[in-house]
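The values are calculated or read from the model by the stated rules, or taken from the named source; none is laboratory data. This one's a predicted model, so the numbers in the text were calculated from it and none came from an experiment. Glycine gets a Cβ as well: all are built from the backbone with ideal geometry, and neighbour counts include every protein chain shown.
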């Protein structure tokens, strides 16, 4: 018994330290919200599923007009308690059924459902109930919700403020549904819940917003009455709510909708829309009567985070926009494409056009000089057009000089098919050149709009800062990653700094070196905890062609798709939660000069002042993902700090290499007295301020 208490106490202490100081592995995380929104002027209770949701105390919703309150929740039971409940359930089944027995059975089923959920899908196994109150004048659209817990703030998820009456899928109990569908449940009586497919559809009145969760193999059904001639729009939101799922293939809930008449005849189906994140179904009602809308996963999968919101009714829904409007204003002259096979243009220019017919191509002629670099870039799919562009540059003889189909834009984190084209070419001789723009699928139509930029390179950059939620102890330091999205060949250094931050916050190592696409810097918190999360802003500065440019660092989540792919998905805010639990008495500081000059073949010593913090006394220090050839050779603890000896290998590093080194404190989860020491778990406790470095010639 003493051994168990020792492990529990130490484990909770390390968990608290890790989740609040750096350990994203243990950070509180949320994976779904259901229902994922509500109507203006209403109050809705939602369930939020996630992991490491220790003692949830608050919920925060971005924007104004929406308030959220965490409701009391029941604790998750353990394996022994689940076995006892199954035995109780077995005994209740043998009793004469009355209202009280049924009530007890339902309560046990609910507890077992929560238990099984936490076992089968741990990442969304813990649940928290939240009451959301939406003001009548709250601005419609997407908001972000985060939970505040004893160990920090969660990542954000989307909730929507709607304008239509809201309905939910029916069923006696989602607990019954969930348990029935899990193979891990060995109680046949638990799996004997009624089949949802046999239940009558939910009756709704249009216009409406439909809410639901899709479980394995499940189909949700809603019935509505419509009149002949009504043009019904069914606009789905599923991937919009949760763009990527780390442990599911293809990496999101692929929602499919189908419309049936009262006799069960399928009238229209839509399970994919190349131009939207989620599909849209449009249908003109042929006769007065009842109609049924079915909603499912196209691959017949299902789990608790397969959440949807579907708007249905005679709704305004644009099918195309012309001219397309960019998300960031362009400063170049703009013209419209002429209705001819070939149009002469003068650079620089932005051309607004369409591929009006399948198989059609737009061709533009311009005069170029030998040695001139020309960039051609299409903005279409990123602005909602179905166009899957191709670009080809030819000379006056028709010789192809450059071609591009798809060009990845890392700033477009919601796209998995980067269908817009981009090419850059240095012209070999002076003369006439031709840019050919077409659709890769040989499709076309009024909605196949594009913006084509033809210009010399316009060097620029954008920034993303990850993660969008930071949990940190007062006086502690955590790493933050800033990504540079470089454009048109821009390769110079970018200085990143805090903008109008509250006193006490310090960003160290905020310099993205030339020719590099990211840097890991560090954020140090003030000495006083904050009662509520603090919104921080970062910005980057660079000089490009003699002009000083300032660009905001957009908060983002580094999301995993289907176990493998990574995407930078923008968020509304960069929120920082500063807590006082286990906080050091002072921040760590670099005492040596920076950037530290590391000789190509040799060592350099770095000194730091570190806080008096007992958990660091036995901690190991490691370099987190250092460049190849740079290692930590030696660590010496001093009276009021420590000294690091950093070594480089000339065979693996080159002079001029720059960046930051992140030195982390790592503790091993202690083994209880008398217990065998088998694969001890290493827990990150924090880090030193980022160490800017440069590799220089020489030995030491």
Filtering the stretch 390-411 down to residues that are closer than 19 Å to residue 371 by Cα and outside any loop (DSSP other than H, G, I, E, B) yields 392, 393, 394, 395, 400, 401, 402, 403
Tell me yes or no: at least one residue of the stretch 421-434 is modelled with pLDDT of 95 or more, within 28 Å of residue 243 (Cβ to Cβ), crowded, with 17+ Cβ neighbours inside 10 Å and under 24 Å from the mean Cα position of the chain (by Cα).
no
If residue 54 satisfies every condition in (1) in contact with a strand residue (DSSP E or B) (Cβ under 8 Å, 6 or more places away or on another chain); (2) in a helix (DSSP H, G or I); (3) modelled with pLDDT of 80 or more but one, which is the exception?
(2)
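Residue-wise test of (1) surrounded by 18 or more Cβ atoms within 10 Å (Cβ to Cβ); (2) in a strand (DSSP E or B); (3) touching a strand residue (DSSP E or B) at 6+ places or on another chain (Cβ under 6 Å).
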residue	(1), (2), (3)
484	yes, yes, yes
491	no, no, no
500	no, no, no
504	no, no, no
522	yes, yes, yes
550	no, yes, yes
575	yes, yes, yes
Pick out the one residue from 259, 242, 267, 293 that is touching a strand residue (DSSP E or B) at 6+ places or on another chain (Cβ under 7 Å), at pLDDT 95 or above and under 21 Å from residue 381 (Cα atoms).
242
Does the stretch 552-567 contain at least one residue that is over 27 Å from residue 145 (Cβ atoms) and either at pLDDT 95 or above or out of contact with any helix residue (DSSP H, G or I) (no Cβ under 8 Å at 6 or more places or on another chain) (or both)?
yes
Are there any strands (runs of 3 or more DSSP E) wholly within the stretch 331-378 with 2 or more residues that are buried (at least 20 other Cβ atoms within 10 Å of the Cβ) and in contact with a strand residue (DSSP E or B) (Cβ under 9 Å, 6 or more places away or on another chain), and if so which?
349-354, 361-368
Conditions first: (1) part of a strand (DSSP E or B); (2) surrounded by fewer than 17 Cβ atoms within 10 Å (Cβ to Cβ); (3) within 22 Å of the chain's Cα centre (by Cα); (4) touching a residue at least 60 places away in the same chain (Cβ under 8 Å). Residue 566 passes all but one, so which condition is the exception?
(4)
On the basis of being in a loop (DSSP other than H, G, I, E, B) and touching a helix residue (DSSP H, G or I) at 6+ places or on another chain (Cβ under 9 Å), does residue 387 make the cut?
yes
Do we find a residue being touching a strand residue (DSSP E or B) at 6+ places or on another chain (Cβ under 8 Å) and farther than 29 Å from residue 127 by Cα anywhere in the stretch 297-309?
no
Flag if residue 229 is buried (at least 20 other Cβ atoms within 10 Å of the Cβ) and assigned to a loop (DSSP other than H, G, I, E, B):
no
Any idea which residue in the stretch 524-540 is nearest to residue 695 (Cα to Cα), counting only those that are part of a loop (DSSP other than H, G, I, E, B) and within 23 Å of the chain's Cα centre (by Cα)?
537
Yes or no: residue 606 farther than 20 Å from residue 478 by Cβ and not assigned by TED's automatic domain parsing to the domain that holds residue 504?
no
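One line per residue, one yes/no per condition, for (1) touching a strand residue (DSSP E or B) at 6+ places or on another chain (Cβ under 8 Å); (2) not in a loop (DSSP other than H, G, I, E, B):
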position	(1), (2)
413	yes, no
418	no, no
424	yes, yes
428	yes, no
434	yes, yes
437	yes, yes
441	no, no
453	yes, yes
458	yes, no
Mind telling me which of the residues 305, 278 ends up being in contact with a helix residue (DSSP H, G or I) (Cβ under 7 Å, 6 or more places away or on another chain) and part of a loop (DSSP other than H, G, I, E, B)?
305
Can you tell which of 145, 77, 105 is assigned to a loop (DSSP other than H, G, I, E, B) and within 25 Å of residue 302 (Cβ to Cβ)?
77
Taking the stated definitions as given, is residue 251 more than 22 Å from residue 30 (Cβ to Cβ) and not in a strand (DSSP E or B)?
no
Only one of (1) surrounded by fewer than 17 Cβ atoms within 10 Å (Cβ to Cβ); (2) under 34 Å from the mean Cα position of the chain (by Cα); (3) closer than 21 Å to residue 337 by Cα fails for residue 395. Which number is that?
(2)
Filter the stretch 633-675 down to residues that are closer than 30 Å to residue 496 by Cα and modelled with pLDDT under 90, then give me how many there are.
3
